[in-house]
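Here is the structure we will look at, set down as structure tokens.
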Amino acid sequence: MNYLDELNERQKEAVLHEGSPLLILAGAGSGKTKTLTYKAAHLVHTGKASPEQILLVTFTNKAAQEMRNRVVKVTGQYLPSVGTFHSMSCRILRTHGREIGIEPEFVIYDAGDQEDLVKAISREMELDPKRYKPKSLVTAISQTKQEMVDAGTYSNLARGQFQEIVARVYLEYQKRMAKYKALDFDDLLSKAVSLLQANNETLKYYQDKFRYVFVDEYQDTNTAQYTFTKLIAKANRGLVVVGDASQSIYKWRGADYRNILKLRQDYSDLKEIRLERNYRSTQTILDAAHGVISNNRSHPILALWTEQNDGEKISLIEAYTAGDEARKVNEEIQKLKSSGVNFQEIAILYRTNAQSRAIEEMFIRSGIPYVLVGGTKFYERKEIKDVLAYLRVMLNPEDGVSYGRSEKNGKRRLADLLLNREKYMDGQHTASEILEYVLTSTKYLTKFDEDLDEDVARIENVKELAAVAQEFEDLHSFLENVALVQAEYYAGEKTKDNREAITLMTLHAAKGLEFRAVFMVGLEEGLFPHARSMADNEEMEEERRLMYVGITRAKERLYLSFARQRTVWGTEGNQQRSRFIDEIDPKLIESLNSSATYLPHPPSDFVRTKNTGIRIDALSEDTLDDFLSGEISVEELLSR
DNA sequence: TACTCACGCATTTTT
DNA sequence: TGCGTGAGTA
């Protein structure tokens, strides 16, 4: 029983609670994973549940993996039903999908496949691609599915020209998907729900099977996920959810933190426990985070506290340009490094991917190793998608999207592939053998030039895919894994040559991670909060939650920076510092700017740069940058 | 079939 | 401004 001693009072209360559904409101860094896994472990340990009776759902494979490992560590037992919403739904559909007309051989379409299909449909329907962008149509269909509105129902509800077009596309889309034996990510969830709603016996089977249902990151559930959880947990009411409304940052993907509030209506005896003791950050960082998030009005806010001391103040970096910002960040990193902070303990967080460039350039110049998180994912690379398309054609030549994609790579290649297709699809061949056949019959790799670095990398990627295929018995499980398990990033990853590296990523990607020192860059109105979020209060609150998530990633040191001038989409603009900076108590902040480079705030038109009195917004960003990096002198600057 | 060029578009992206 | 897409051409 000694594992209980590792928990604080609130955590222990959560672990020991029984008899009614439980909502754990867990703040950032409050040990929610520990609490959730120990609770599962406790049920197993005390014999209240067998490992098979616990369903533990997460949003990412990484979280699932971590939960699995931690339960094994505490109990020595393996929980077979720990996984993402999508993988769990997928498993259910593979076994019981037939009951609602879904054959178990379905393949999973990702966003790119969806778009290809919508494009094809839209072409056939002769829609104006400018007026009805395939992406917008996909988004509309996706949102509709998340609300579990099927194509037929939507057609009846559609009002206005756009919705009516969406309805037509949606109907055709579903028709094709059925023909191609394909499900998209939203289908996995909504069809699983349909199945449970359609067949009472199946529902009962899962309700009996899973006496306990655990859900992580509950604030990020959409309607389909909410319903899925509710259905399965209904009979036994062994529901345990963990969430924090302040960390809900995926509204644009259908996440609705209000699902937390709904629980109170769903279960009158809902037990609510707050985990507000933070084990990650200094009190200064927590106070800053609270200062920001308390400006939000629409959701509950936790008051985090720590037994740690106040720690260092938050550093504010004011820069002239994006390049100057990168330079100043670089300087601070050098200081951190010499004070004993390792590169892998440092992260640079930004709102948009485009911001990484200036930072990267700086790091390359100063020789600082870094790892960029995000960008094109492995399975989204063209060469990988091409090979996967061939594999799907092997599985099902009726798969229109994959057939179309393969055709684009040459009709000849496709014809050669189909020649011996049946021989290889006799059920006797492994995923690896079929992949081998795909590559030899289509001679796909010959389209690459071995003298081009870029092409060599592509060939390498295909080889890597082939290596992954070896881990799977049949083609189906291989393809399923490819669709549902993206290669994930782990905090403190090293560079290719195995040097410890600084992490660069978006704020969204940083959720769930922690670093000793965090730099949040580009804190400017229009960038963060993003211009697209400024008109709408709901969206502004989401931006603020993103700021909150960013701040709470930091353990010891937090740096906030902004630039006075920044080029966005080719046009230079004068920037104003983010309102979020001003939502932090100034007593918690110290400015790192020396008086020589002091920038007046709020930004005025004039600035004293080393006493030259040059009006900076009369200079181009490049000129200013050259001056600041010492490439041109004051005299040269004045002459320009 | 492969390449070129003009055009449009540009927030975040767990599965 | 810089990239990806898609139509058009050799």
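The values are calculated or read from the model by the stated rules, or taken from the named source; none is laboratory data. Treat the numbers as computed from the prediction; the structure is a model and nothing was measured. Please note: Cβ atoms are built from the backbone with ideal geometry, for glycine as well, and neighbour counts cover all protein chains shown. Only protein heavy atoms, including side chains, enter the accessible area calculation; ligands, DNA and RNA are left aside. Shrake-Rupley method; radii C 1.70, N 1.55, O 1.52, S 1.80 Å.
Below, the figures for the structure above:
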item: Residues satisfying the stated conditions in region A:77-101, i.e. more than 16 Å from DNA strand B (Cβ to nearest atom) and not in a helix (DSSP H, G or I); result: A:Gln77, A:Tyr78, A:Leu79, A:Pro80, A:Gly101
item: Residue identified as small (Gly, Ala, Ser), within 16 Å of DNA strand C (Cβ to nearest atom) and open to solvent by 30 Å² or more (accessible area, probe 1.4 Å) among A:Ala467, A:Ala509, A:Ala535, A:Ala457; result: A:Ala457
item: Hits in region A:20-45 - residues which are open to solvent by 10 Å² or more (accessible area, probe 1.4 Å), touching a Lys or Arg at 6+ places or on another chain (Cβ under 9 Å) and free of Cβ contacts under 8 Å to residues at least 60 places away in the same chain; result: A:Lys34, A:Tyr38, A:His42
item: Residue in region A:151-160 that is under 23 Å from A:Asn222 (Cα atoms), out of contact with any Phe, Trp or Tyr (no Cβ under 9 Å at 6 or more places or on another chain) and among the β-branched types (Val, Ile, Thr) present; result: yes
item: Count - residues of region A:159-188 that are of a type in the set (Gly, Ala, Ser), buried (at least 18 other Cβ atoms within 10 Å of the Cβ) and more than 27 Å from the chain's Cα centre (by Cα); result: 1
item: Hits in region A:342-357 (condition: away from DNA strand C (no atom under 16 Å from the Cβ), out of contact with any Asp or Glu (no Cβ under 8 Å at 6 or more places or on another chain) and outside any strand (DSSP E or B)); result: A:Glu345, A:Arg351
item: Residue among A:Lys262, A:Lys271 that is at pLDDT 95 or above, of a type outside the set (A, V, I, L, M, F, W, C) and more than 22 Å from A:Ile551 (Cβ to Cβ); result: A:Lys271
item: Residue count, region A:280-338 (criterion: among the β-branched types (Val, Ile, Thr), in contact (Cβ under 8 Å) with a residue 60 or more places away in the chain and farther than 18 Å from A:Leu523 by Cβ); result: 1
item: The listed residue being away from DNA strand B (no atom under 12 Å from the Cβ) and either surrounded by 14 or more Cβ atoms within 10 Å (Cβ to Cβ) or free of Cβ contacts under 8 Å to residues at least 24 places away in the same chain (or both), out of A:Leu414, A:Leu452, A:Leu439; result: A:Leu439
item: Test: residue in region A:254-271 that is within 16 Å of DNA strand B (Cβ to nearest atom), touching a residue at least 60 places away in the same chain (Cβ under 8 Å) and of a type outside the set (A, V, I, L, M, F, W, C); result: yes
item: Restricting region A:297-340 to residues that are under 27 Å from the mean Cα position of the chain (by Cα) and part of a loop (DSSP other than H, G, I, E, B), the residue that is surrounded by the most Cβ atoms within 10 Å (Cβ to Cβ); result: A:Leu304
item: Any hit, region A:444-452, residues being at pLDDT 85 or above, aliphatic (A, V, I, L, M) and in a helix (DSSP H, G or I); result: yes
item: Selected residue (criterion: nearest to A:Asn330 (Cα to Cα)) from residues of region A:365-381 that are within 15 Å of DNA strand C (Cβ to nearest atom) and free of Cβ contacts under 8 Å to residues at least 60 places away in the same chain; result: A:Gly375
item: Residue match in region A:366-388 (condition: open to solvent by less than 80 Å² (accessible area, probe 1.4 Å), assigned to a loop (DSSP other than H, G, I, E, B), aromatic (Phe, Trp, Tyr) and modelled with pLDDT under 90); result: no
item: Count of residues meeting criterion [outside any helix (DSSP H, G or I) and closer than 18 Å to A:Asp187 by Cα] in region A:197-223; result: 3
item: Verdict on A:Ile273 being in a helix (DSSP H, G or I), open to solvent by less than 40 Å² (accessible area, probe 1.4 Å) and among the hydrophobic types (A, V, I, L, M, F, W, C); result: no
item: Of all residues in region A:538-583 being open to solvent by less than 60 Å² (accessible area, probe 1.4 Å) and at pLDDT below 90, the one that is farthest from DNA strand B (Cβ to nearest atom); result: A:Arg564
item: Count of residues meeting criterion [of a type in the set (A, V, I, L, M) and part of a loop (DSSP other than H, G, I, E, B)] in region A:522-556; result: 3
item: Residue in region A:224-244 that is farthest from DNA strand C (Cβ to nearest atom), counting only those that are part of a helix (DSSP H, G or I) and in contact (Cβ under 8 Å) with a residue 60 or more places away in the chain; result: A:Ala233
item: Cβ-Cβ under 8 Å pairs, at least 6 apart or on other chains, region A:78-97 side within 15 Å of A:Ile232 (Cα to Cα) and more than 16 Å from DNA strand C (Cβ to nearest atom), far side of a type in the set (Gly, Ala, Ser) and in a strand (DSSP E or B); result: A:Arg91/A:Gly83
item: In region A:115-124, the residues that are of a type in the set (A, V, I, L, M) and either within 11 Å of DNA strand C (Cβ to nearest atom) or more than 15 Å from A:Gln174 (Cα to Cα) (or both); result: A:Val118, A:Ala120
item: Single residue of A:Gly243, A:Gly254 found to be within 23 Å of the chain's Cα centre (by Cα), closer than 18 Å to A:Glu542 by Cβ and surrounded by fewer than 23 Cβ atoms within 10 Å (Cβ to Cβ); result: A:Gly254
item: Matching residues in region A:102-147 - criterion: being outside any helix (DSSP H, G or I), open to solvent by 60 Å² or more (accessible area, probe 1.4 Å), modelled with pLDDT of 90 or more and of a type outside the set (D, E, K, R); result: none
item: Test for A:Leu465: is it in a helix (DSSP H, G or I) and within 16 Å of DNA strand B (Cβ to nearest atom); result: no
item: Any hit, region A:89-96, residues being of a type in the set (S, T, N, Q) and crowded, with 21+ Cβ neighbours inside 10 Å; result: yes
item: Test for A:Arg68: is it surrounded by fewer than 23 Cβ atoms within 10 Å (Cβ to Cβ) and within 16 Å of DNA strand B (Cβ to nearest atom); result: yes
item: A:Ala322 vs. criteria within 15 Å of DNA strand C (Cβ to nearest atom) and either hydrophobic (A, V, I, L, M, F, W, C) or in contact with a strand residue (DSSP E or B) (Cβ under 7 Å, 6 or more places away or on another chain) (or both); result: yes
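Matching residues to (1) more than 23 Å from A:Pro369 (Cβ to Cβ); (2) among the hydrophobic types (A, V, I, L, M, F, W, C):
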site	(1), (2)
A:Ala466	yes, yes
A:Phe478	yes, yes
A:Ala483	yes, yes
A:Lys496	no, no
A:Arg499	no, no
A:Thr506	no, no
A:Phe515	no, yes
A:Met520	no, yes
A:Glu524	yes, no
